[in-house]
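To start, the structure itself, in structure tokens.
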Protein chains: 2
Amino acid sequence: MPAVRLSPTSYVVLGMIALRGPSTPYDLKRAVGHSVGYFWHFPHAQLYSEPERLTAAGLLTCETETEGRRRKTYSITPAGTEALQSWIAEPSDSHFQIRDPAELKLFFNEVGAPDDVARLAKGQIERHEERIALYESMVARFGPEPADNPRLITLELGLEVEYATLRFWRALAAGDLAGLRRRRGESA
Amino acid sequence: MPAVRLSPTSYVVLGMIALRGPSTPYDLKRAVGHSVGYFWHFPHAQLYSEPERLTAAGLLTCETETEGRRRKTYSITPAGTEALQSWIAEPSDSHFQIRDPAELKLFFNEVGAPDDVARLAKGQIERHEERIALYESMVARFGPEPADNPRLITLELGLEVEYATLRFWRALAAGDLAGLRRRRGESA
DNA sequence: CCGCAATCGTCCTCCTCGGACGGTACGGCT
DNA sequence: AGCCGTACCGTCCGAGGAGGACGATTGCGG
């Protein structure tokens with residue numbers, strides 16, 4: 001039972017199994033896909049290999065189906081629960097990262113054509129509006145007071161960020177970044 | 001001159017050299033460190049190895065210093081400039097990702113102790129306030145109308161997101177996510 | 001009963017990550 | 001001048017992440 005370095009991926013696997021009970025990697029894939037995976041993509045292959053690591057470390061146990069599709073069901077062990085809980089309890093180690101290719105393009109736009117920024121902004125506005133509509137419709141399915149549903153809190157944060165980003169690109173397209181700053185100052 | 005897959009890291013390297021002129025990896029490290037690197041971390045080892053790849057692909061040229069410190073200065077080629085420009089011009093391929101360990105902890109908080117959320121929120125509020133103060137002080141150094149300085153636009157987007165995230169954690173700590181939703185609806 | 005599409009699992013290759021380590025330059029002290 | 005500490009700079013390496021290719025299984029419609 002060797003010790004391993006636990007990454008965010010590890011905790012996603014542990015967390016999902018802790019929340020949902022024994023799961024197959026495919027279960028994890030789907031569960032991640034419509035929750036934390038909205039803003040932080042975890043490639044599906046990881047959700048097959050990571051449980052193996054965690055099993056080797058004694059944080060999960062594995063039950064293999066013999067007939068038909070070779071399917072493995074993982075369950076969390078007391079050690080796994082403890083590792084997850086102490087990670088949740090410990091003070092946060094690192095700041096968030098925002099990985100936005102569009103932001104890179106914007107930063108280097110001087111190298112490109114003059115109207116690239118306008119087209120980029122237009123595309124980003126559409127993209128974020130679509131996302132917002134999607135997320136809002138999902139939130140709406142949960143009724144009038146969804147804000148405290150634990151499964152939705154994460155979506156709430158995502159929406160807040162989506163709106164912020166949308167405001168930015170709109171201000172950029174309108175040439176009114178100064179106005180953005182002003183409104184930000186007021187709301188704070 | 002084999003073709004290579006160009007990643008965001010590749011474009012950061014190309015872009016920095018295009019903006020700043022011939023650079024050493026260490027120059028890149030510093031330039032990235034106080035610009036795009038604020039929100040998207042690029043490990044320094046990449047900024048040494050990536051230029052080699054790009055040189056092999058014909059997008060950069062390399063000049064090696066002979067005396068003293070072994071130092072390599074990279075310059076961009078016409079092919080490199082073109083690759084960068086066409087990337088900037090092409091419609092954005094993928095949505096942004098937000099990688100926030102705190103968000104994961106929040107999502108899985110049911111597994112933890114009851115007061116974990118409160119402590120998490122408290123820590124996040126402090127963290128984001130610090131960041132905001134830091135970025136604001138940097139922006140302030142550029143004078144009263146900084147918003148359109150191209151080097152700062154990226155910081156502007158980052159600040160918008162920082163404030164959004166701060167509002168979220170504050171609302172969470174105050175138990176008033178519904179209020180957050182309401183205010184968001186008004187401002188949109 | 002067959003074929004086809006959706007579902008599910010594995011593999012492979014290249015890239016990312018981040019820390020360890022070692023070399024180089026420079027200023028201060030004796 | 002020579003030594004030493006420290007900041008600066010470059011390389012390496014092992015583990016993990018990314019994501020596409022591919023193969024197997026299942027169930028459904030003909």
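Some notes on this structure:
- Scanning region A:94-114 finds one or more residues that are without any contact (Cβ under 8 Å) to a residue 60 or more places away in the chain, facing chain B (nearest Cβ under 7 Å), surrounded by fewer than 13 Cβ atoms within 10 Å (Cβ to Cβ) and under 28 Å from residue B:126 (Cβ atoms).
- The residue of region A:66-79 that is nearest to DNA strand D (Cβ to nearest atom), among those that are surrounded by 13 or more Cβ atoms within 10 Å (Cβ to Cβ) and of a type in the set (Val, Ile, Thr), is A:73.
- Residues that are more than 9 Å from chain A (Cβ to nearest Cβ) and touching a His at 6+ places or on another chain (Cβ under 9 Å), drawn from region B:115-132: none
- Count of residues meeting criterion [surrounded by fewer than 20 Cβ atoms within 10 Å (Cβ to Cβ), outside any helix (DSSP H, G or I) and either assigned by TED's automatic domain parsing to the domain that holds residue B:136 or within 11 Å of DNA strand D (Cβ to nearest atom) (or both)] in region B:7-27: 2
- Flag for residue B:75 being without any contact (Cβ under 8 Å) to a residue 24 or more places away in the chain and farther than 25 Å from residue A:32 by Cα: no
- Residue identified as of a type in the set (A, V, I, L, M) and over 22 Å from residue B:157 (Cβ atoms) among A:133, A:102, A:89, A:113: A:89
- Within region A:42-56, the only residue that satisfies the criterion of being away from DNA strand C (no atom under 12 Å from the Cβ) and within 14 Å of chain B (Cβ to nearest Cβ) is A:42.
- The one condition from (1) of a type in the set (D, E, K, R); (2) away from DNA strand D (no atom under 13 Å from the Cβ); (3) within 17 Å of the chain's Cα centre (by Cα) that residue B:30 does not meet is (2).
- Among the residues of region B:57-77, just one is more than 10 Å from DNA strand C (Cβ to nearest atom) and either part of a helix (DSSP H, G or I) or among the basic types (Lys, Arg) (or both), namely B:72.
- Contact annotation: residue pairs with Cβ atoms under 6 Å, 6 or more positions apart or on different chains, pairing a residue in region B:7-32 that is more than 11 Å from chain A (Cβ to nearest Cβ) and modelled with pLDDT of 95 or more with a partner that is within 12 Å of DNA strand C (Cβ to nearest atom) and not in a helix (DSSP H, G or I), are B:24/B:71.
- Just one residue in the set B:90, B:63, B:82, B:52 is surrounded by fewer than 17 Cβ atoms within 10 Å (Cβ to Cβ) and touching a residue at least 24 places away in the same chain (Cβ under 8 Å); that residue is B:63.
The values are calculated or read from the model by the stated rules, or taken from the named source; none is laboratory data. Here the structure is a predicted model, which means the values were calculated and not measured. So basically every Cβ, Gly included, is an ideal-geometry build from the backbone, and we count neighbours across all protein chains shown.
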